[in-house]
Amino acid sequence: MGFSELLDEVGGFGRYQWIHVTLISLPGLFMASQNLLNNFVSGIPNHYCTLPGNYSTLPGNYSTLPGNYSPPNAAQDPEQWLKAFIPLDASGARLDRCRRYVDPQWHLLTANASMNSTEAATEGCVDGWTFERTEFIATTVSEFGLVCSWKPMKQMIQTIYMGGVLTGAIIYGGLSDKFGRRSILIWSYLQLAILGCSSALSPSYSAYCIFRFLSGMAVSGIIINGVSLKVEWIPTPQRTLVGTLSSFFFTFGQLILAGLAFWLRDWRKLQVVVCLPQFIAFAYSWWYCESARWLLLKNRSEDALKALQRVGRINGKHEAMEKLTVEVLHSHMKKEMESQKSTHTAVDLVRTRAMRRISVCLVVVWFSTSFAYYGIVMDMQKFGVSIYLIQIIFGAVDFPSKLLALGMLSVLGRRVTQAMCLFMAGSVVFANILVPTEMQTLRTALACIGKGFISASFTTVYLYTGELYPTVIRQTGMGLVSTMARVGSMAAPAVLILDEVLPALPSLVYGGAAIIATGFACFLPETLNINLPDTIDDVEEKWSGQGPAHKRPKEGMSLNDITPVVGVSKELQPLKETKELKGEELVEVELKEVELKEVEKAGLDAL
């Protein structure tokens, strides 16, 4: 008897669970907005060096132009006018974004004029930049000047935000074990609502980064405690289905983000709109019941009883309420309470052979999956397609990819699915490097396919990890791999800086990480149709190939050494019951039994 039986007593997956799951999942619509917000809040508008002040009004006043340079299309075509001030970039297809001529080159305004940009002296944008307002009205890039030599600071915003997510996972994960899932979840909603909206008032780049870091901590608190509180009130048979359906809230959130960003186009307004709903979540989160399992393990039996009675009442199980007592709760949770007495630490994740293999492989898989995912989705402007359209496409591709992953998991198993998704994602990223930049449609299609396989890898690894780690240390294992995923998400934006050295270098790094992780995934044990392990010994017995750790004889030990420890009666009894021995065979076994008993007695006398 365990907690699952208690849930069945109060209605199983009843009315309360439906409302509970829905309310916790709804804020997930805006978790995608938080993770991918930098694509729009820090979008890079088209820009060029600001012209010297005494030339800024010349296009409409040809009489002031020196010589006879007065092309008729200068006023109608600003880019024609800018050719006298801004050189072409290295490709020769557009104006340079970070240089201007020291002296205006008026002769370039004449028909059929051409000049290599290196033939005239140039300088940096000493008067700042002029940003176009067609795709974005205002972004942090245009407001804080995060272009040219300051361009890496744009990617640093996302790295700092992911650093906050990592810090939140460490801090709020520990606090939730001490103060409860519900309390920390409520606080995280309030923190994100206040600090997220406050970031829209940031007067400087530094202030904005601080607010984003603190918002990232709150996002981590919402995700970790929301998942825990959700799962701990759901019966085991429904967990896989609920987990899959809940992940689609994140997918819908990507589509919502694209619509809001296209509608607002101003980073301050967008920042406020995606954070305001957290006030609503904070208001209704007081309705949640604290995890009864956590309350029982913290010796708060009376509070756990009240929570279960409330759930049963909402589910319509009034007759069960009379049967529930503190003694009944203790009898159901006896196994869990006893398991709490033995402490386990993170060292147990690598102490034994099978656990060490699982942990090392999962660390690489989680890091590479998160690293490649955010590497693809955080640089959408490079495809030359409207950033709003590409966001919708990237969001929509998650629907078939997650359904494909579920089908593969059921048919091919976890290991094959994990390895195939990572390998295909890396291969597609590599293939995209070979596609010319002019073929934007093909490049976009390959990027969507790669993103779909990475999303499928995420879906797989979440399920796979929970099945590989034993119950006694499952949360610790999930904490380890989640931390590595955050490290990968922090490193991904920083790698984008390498495109200044070689445009294809970031893609080589992202694709290479996915391919390397494929090899590690192949060394993971298969868990399809295998019962979940409860203890570390279960893991070693199933997947180390050496049997239970506590029953394996040490190297060099003889039978006489281990007989007093292991005993013989339990080892011989099955032999008597399962084999029919006659004549000399029976005598031989009886003699051996006598010898073993004498050895055992001698060992006990020696002790």
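What the table shows:
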{"read-out": "Hits in the range 182-200 - residues which are in contact with a helix residue (DSSP H, G or I) (Cβ under 8 Å, 6 or more places away or on another chain) and of a type in the set (A, V, I, L, M, F, W, C)", "value": "184, 185, 186, 187, 190, 192, 193, 195, 197, 200"}
{"read-out": "Residue that is nearest to the chain's Cα centre (by Cα), among those in the range 250-295 that are free of Cβ contacts under 8 Å to residues at least 24 places away in the same chain and within 17 Å of residue 22 (Cα to Cα)", "value": "280"}
{"read-out": "Residue 493 being open to solvent by less than 50 Å² (accessible area, probe 1.4 Å) and modelled with pLDDT of 85 or more", "value": "no"}
{"read-out": "Long-range neighbours under 7 Å by Cβ, at least six apart or interchain, first residue within 19 Å of residue 520 (Cα to Cα) within the range 419-435, second outside any helix (DSSP H, G or I)", "value": "419/522"}
{"read-out": "Failed item, numbered, when residue 203 is tested on (1) in a helix (DSSP H, G or I); (2) surrounded by fewer than 20 Cβ atoms within 10 Å (Cβ to Cβ)", "value": "(1)"}
{"read-out": "Evaluation of residue 529 against (1) under 20 Å from residue 153 (Cα atoms); (2) out of contact with any helix residue (DSSP H, G or I) (no Cβ under 9 Å at 6 or more places or on another chain) (one fails), failing number", "value": "(1)"}
{"read-out": "Residue within the range 450-461 that is buried (at least 19 other Cβ atoms within 10 Å of the Cβ), under 22 Å from residue 544 (Cα atoms) and in contact (Cβ under 8 Å) with a residue 12 or more places away in the chain present", "value": "yes"}
{"read-out": "Scan of the range 368-393 for residues that are modelled with pLDDT under 85, more than 17 Å from residue 426 (Cα to Cα) and open to solvent by 10 Å² or more (accessible area, probe 1.4 Å), ordered by number", "value": "381, 382, 384, 385, 386"}
{"read-out": "Per-region count, the range 126-158, residues among the hydroxyl-bearing types (Ser, Thr, Tyr) and touching a His at 6+ places or on another chain (Cβ under 8 Å)", "value": "2"}
{"read-out": "Qualifying residue in the range 96-108 (condition: among the aliphatic types (A, V, I, L, M), buried (at least 16 other Cβ atoms within 10 Å of the Cβ), at pLDDT 80 or above and in contact with a strand residue (DSSP E or B) (Cβ under 9 Å, 6 or more places away or on another chain))", "value": "no"}
{"read-out": "Qualifying residue in the range 417-433 (condition: over 25 Å from residue 362 (Cα atoms), among the aliphatic types (A, V, I, L, M) and surrounded by fewer than 17 Cβ atoms within 10 Å (Cβ to Cβ))", "value": "yes"}
{"read-out": "Boolean, residue 275 is among the hydrophobic types (A, V, I, L, M, F, W, C), under 30 Å from residue 174 (Cβ atoms), modelled with pLDDT of 80 or more and in contact with a Gly (Cβ under 6 Å, 6 or more places away or on another chain)", "value": "yes"}
{"read-out": "Scan of the range 164-192 for residues that are within 20 Å of residue 477 (Cα to Cα), open to solvent by less than 10 Å² (accessible area, probe 1.4 Å) and part of a helix (DSSP H, G or I), ordered by number", "value": "165, 168, 176"}
{"read-out": "Matching residues, the range 15-36, being open to solvent by 10 Å² or more (accessible area, probe 1.4 Å) and hydroxyl-bearing (Ser, Thr, Tyr)", "value": "22"}
{"read-out": "Test set (1) of a type in the set (Val, Ile, Thr); (2) assigned to a helix (DSSP H, G or I); (3) open to solvent by 30 Å² or more (accessible area, probe 1.4 Å) - residue 437 fails condition number", "value": "(2)"}
{"read-out": "Sole exception among (1) at pLDDT below 50; (2) open to solvent by less than 60 Å² (accessible area, probe 1.4 Å); (3) not aromatic (Phe, Trp, Tyr) for residue 63, by number", "value": "(2)"}
{"read-out": "Condition check for residue 117: of a type in the set (S, T, N, Q), at pLDDT 90 or above and touching a strand residue (DSSP E or B) at 6+ places or on another chain (Cβ under 7 Å)", "value": "no"}
{"read-out": "The range 218-248 - residue that is surrounded by fewer than 19 Cβ atoms within 10 Å (Cβ to Cβ) and touching a Leu at 6+ places or on another chain (Cβ under 8 Å) and, of those, modelled with the highest pLDDT", "value": "235"}
{"read-out": "Flag for residue 300 being open to solvent by 50 Å² or more (accessible area, probe 1.4 Å) and free of Cβ contacts under 8 Å to residues at least 60 places away in the same chain", "value": "yes"}
{"read-out": "Members of the range 269-292 found to be open to solvent by less than 70 Å² (accessible area, probe 1.4 Å) and not in a helix (DSSP H, G or I), listed by number", "value": "288, 289, 290, 291"}
{"read-out": "Helices (runs of 4 or more DSSP H) completely within the range 1-50 that count 3 or more residues being aliphatic (A, V, I, L, M)", "value": "15-25, 31-36"}
{"read-out": "Members of the range 394-409 that are over 19 Å from the mean Cα position of the chain (by Cα) and crowded, with 20+ Cβ neighbours inside 10 Å", "value": "409"}
{"read-out": "Number of positions in the range 430-469 that are at pLDDT below 80 and over 22 Å from the mean Cα position of the chain (by Cα)", "value": "3"}
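Okay, residues lined up against (1) in contact with a Lys or Arg (Cβ under 7 Å, 6 or more places away or on another chain); (2) open to solvent by 30 Å² or more (accessible area, probe 1.4 Å); (3) touching a residue at least 24 places away in the same chain (Cβ under 8 Å); (4) not in a helix (DSSP H, G or I):
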| site | (1), (2), (3), (4) |
| --- | --- |
| 448 | no, no, yes, no |
| 478 | no, yes, no, no |
| 502 | no, yes, no, yes |
| 509 | no, yes, yes, no |
| 513 | no, no, yes, no |
| 518 | no, no, yes, no |
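The values are calculated or read from the model by the stated rules, or taken from the named source; none is laboratory data. Just so you know, these numbers come straight off a predicted model, no measurement behind them. Every residue, glycine among them, receives a Cβ derived from its backbone with ideal geometry; neighbour counts consider all protein chains shown. For accessibility, only protein heavy atoms count, side chains too; no ligands or nucleic acids. Shrake-Rupley method; radii C 1.70, N 1.55, O 1.52, S 1.80 Å.
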